[in-house]
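In what follows, a single structure is set out as C-alpha cells and then discussed.
The values are calculated or read from the model by the stated rules, or taken from the named source; none is laboratory data. Small disclaimer: the values here were computed from a predicted structure and weren't measured. Counting neighbours? That spans all protein chains shown, and the Cβs are built from the backbone with ideal geometry, glycine included.
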Amino acid sequence: MPPQPTVRWLKRNNALKPIEAARQWIALNYDQPITIQRAAQIAGYSTSHFTKLFIDFYDESPRDFLANLRIKKALRLLATQNISVQEIAMEVGYTSFPTFSNRFKELTGSTPAEFKRSAKSHLTETGQPVNPVIPSCLSQSFQLPKNHKLE
C-alpha cells in the first residue's frame, strides 16, 4: 500500500472568506492528489457553487488554478533539475504522465521534453539557467481577488 500524502494546512484565519481559504489549501497542496470536490468541501460549498464563486473571485476555475500552479512548478523543475520528465510530473501532483504532458503543452505551447531540451540548451549556450517561474500565489506578488475589499 503506497504511503498517504502529506496534506498541508494553514492556521485558521477568520479574516479569510471560505473561498480564499480553499484557494490557499489548493496552493499548499497542489502537489498532492487533491480534488476540486475536496476544496469545495473545505469551503463549505457544493462543487458547482464553489466553482462559480471561484471563477467570480479569481477569473479562473479551480481546475485551471490547480493546473497553472502545477505547470509553473514543473517549468521551474524542468529548467533547474536533472530529473526525468516523468518524475517531475509526479513531483507536481500528476498521477498520469499523458495528462501532465497534454496540459503542459496546452498551457506552454511545447511538450515538457521540448522545454527541458530548450532549457538545457540555454544553460549550455549561456551558462545561465532559464529564469525559474514561481507561482504568484506562493510569491510576494500575490494579488487579492478582484472582489476583495479591504476594510
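Take GLU60 and decide whether it is loosely packed, with under 14 Cβ neighbours inside 10 Å, within 16 Å of the chain's Cα centre (by Cα) and assigned to a loop (DSSP other than H, G, I, E, B).
Taking the combined requirement at face value, the residue satisfies it.
With the condition kept exactly as written, say whether any residue in region 124-142 is closer than 16 Å to ILE19 by Cβ, modelled with pLDDT under 95 and not in a helix (DSSP H, G or I).
yes
Going by the structure shown, is ALA43 within 17 Å of THR108 (Cα to Cα) and not β-branched (Val, Ile, Thr)?
no
Quick check, is PHE54 within 19 Å of SER96 (Cα to Cα) and modelled with pLDDT of 95 or more?
no
Please work out which one of (1) over 24 Å from ALA119 (Cα atoms); (2) not in a helix (DSSP H, G or I) is the condition SER48 fails and give its number.
It fails just one condition, (2).
Among the residues of region 1-16, are any part of a helix (DSSP H, G or I) and either under 16 Å from the mean Cα position of the chain (by Cα) or modelled with pLDDT of 90 or more (or both)?
Within region 1-16, not a single residue is part of a helix (DSSP H, G or I) and either under 16 Å from the mean Cα position of the chain (by Cα) or modelled with pLDDT of 90 or more (or both).
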